[in-house]
Amino acid sequence: MTIIIINNYTDEKDFDRVKKIEEALNREGKNEVIIWHFSEIESKEIPEDLEAIILSGSRAHLQNKDVYSEYAAEVDLIIKANVPILGICFGHQLIAKAFGANIGSLSKFLEEPQNIKVVEPNEILKSWKVGDKLRVYQSHKDFVENVPPEFIRLAESESCKVEAMKHKTKPIYGIQAHVERATKENPDGYQIIRNFLEDVVEKHILSHIIETCSFNKIKQGIIDSIRDIPYDVIRNDYAMVESKLKKAQRYADAWTLKMVMDVLS
């Protein structure tokens with residue numbers, strides 16, 4: 001299963017910032033990651049095994065109409081995608097702008113760890129309760145001024161009323177902080193990424209399998225997932241073994257839930 005990271009930076013010198021997202025995903029066992037530049041989206045073909053899209057930060061300013069128009073293909077992808085999306089910093093702002101919100105600017109650039117407060121129970125912040133504060137890294141001047149009509153506000157801070165949000169019906173999430181820049185001292189950003197992968201992406205995949213696959217197809221999925229594991233063991237490719245076992249478990253869970261749903265119906 002593949003995760004696409006959209007690189008929203010215009011300068012190649014900022015590519016290391018995007019790699020930080022890839023490293024954070026690798027940390028959570030997600031190694032099938034590809035990076036697309038926002039200007040290349042129209043020329044790319046969506047992978048059949050796509051499981052999520054993550055939108056990176058950027059130095060661009062969406063208040064400028066000409067700048068916003070440069071991201072038209074990405075906006076179209078956000079609106080039409082049928083997989084979970086997580087927007088980080090600029091990516092968060094782009095999602096908000098795409099769904100009708102306004103983007104404002106602080107009086108000065110914010111570059112520091114900052115506390116944000118949970119205001120609504122949700123998947124990506126499931127590790128905290130309403131009113132709890134978590135510490136995340138901020139690096140921005142622009143911010144989302146208002147919650148888009150189709151979204152729910154999830155968190156706030158002293159500098160930003162909309163620190164995190166989610167779509168009411170689609171698996172689309174945005175967070176202002178650079179969660180990929182978490183550290184051992186301030187690890188909350190890593191937990192947010194972990195929550196997104198476990199409670200949004202995995203559940204979305206599971207639901208898709210249950211809705212679209214017959215019992216025979218689910219059974220074949222389990223078989224196909226584990227068939228070549230002995231060869232991976234011989235090659236000492238234990239990362240691949242772990243990946244295939246997780247895929248097999250996913251199909252097994254779908255089998256169990258589908259059986260329960262059939263009995264209840």
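The values are calculated or read from the model by the stated rules, or taken from the named source; none is laboratory data. None of these values were measured; they are calculated from a predicted model. Glycine gets a Cβ as well: all are built from the backbone with ideal geometry, and neighbour counts include every protein chain shown.
Quick look at the numbers
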| quantity | calculated |
| --- | --- |
| Of the criteria (1) in contact (Cβ under 8 Å) with a residue 60 or more places away in the chain; (2) assigned to a loop (DSSP other than H, G, I, E, B), which one ALA52 fails | (2) |
| For GLY100: the one exception among (1) modelled with pLDDT of 95 or more; (2) within 23 Å of LYS19 (Cβ to Cβ); (3) surrounded by fewer than 13 Cβ atoms within 10 Å (Cβ to Cβ); (4) not hydroxyl-bearing (Ser, Thr, Tyr) | (2) |
| Tally of residues being surrounded by 13 or more Cβ atoms within 10 Å (Cβ to Cβ) and charged (D, E, K, R) across segment 61-85 | 3 |
| Filtered residues of segment 111-130 (kept if in a strand (DSSP E or B), in contact (Cβ under 8 Å) with a residue 40 or more places away in the chain and surrounded by fewer than 18 Cβ atoms within 10 Å (Cβ to Cβ)) | PRO113, ASN115, LYS117 |
| Residue in segment 68-90 that is assigned by TED's automatic domain parsing to the domain that holds ILE175, at pLDDT below 95, under 14 Å from the mean Cα position of the chain (by Cα) and in a loop (DSSP other than H, G, I, E, B) present | yes |
| GLU211 being closer than 30 Å to ALA101 by Cα, exposed (fewer than 13 other Cβ atoms within 10 Å of the Cβ) and of a type in the set (Asp, Glu) | no |
| Check on GLU185, without any contact (Cβ under 8 Å) to a residue 40 or more places away in the chain, assigned to a loop (DSSP other than H, G, I, E, B), in the same structural domain as ALA52 (by TED's automatic domain parsing) and not basic (Lys, Arg) | yes |
| Where a residue in segment 68-93 is touching a residue at least 60 places away in the same chain (Cβ under 8 Å) and its partner, wherever it lies, is of a type in the set (Asp, Glu) and part of a helix (DSSP H, G or I), with Cβ under 7 Å and at least six apart | ILE88/GLU180 |
| Test: GLY57 is in a strand (DSSP E or B), of a type outside the set (Ser, Thr, Tyr) and either within 22 Å of LYS166 (Cα to Cα) or not assigned by TED's automatic domain parsing to the domain that holds ASP188 (or both) | no |
| Residue in segment 207-214 that is under 16 Å from the mean Cα position of the chain (by Cα), assigned to a loop (DSSP other than H, G, I, E, B) and of a type in the set (Gly, Ala, Ser) present | no |
| Only one of ILE223, ILE218 that is in a helix (DSSP H, G or I), without any contact (Cβ under 8 Å) to a residue 40 or more places away in the chain, of a type in the set (A, V, I, L, M) and not assigned by TED's automatic domain parsing to the domain that holds MET165 | ILE223 |
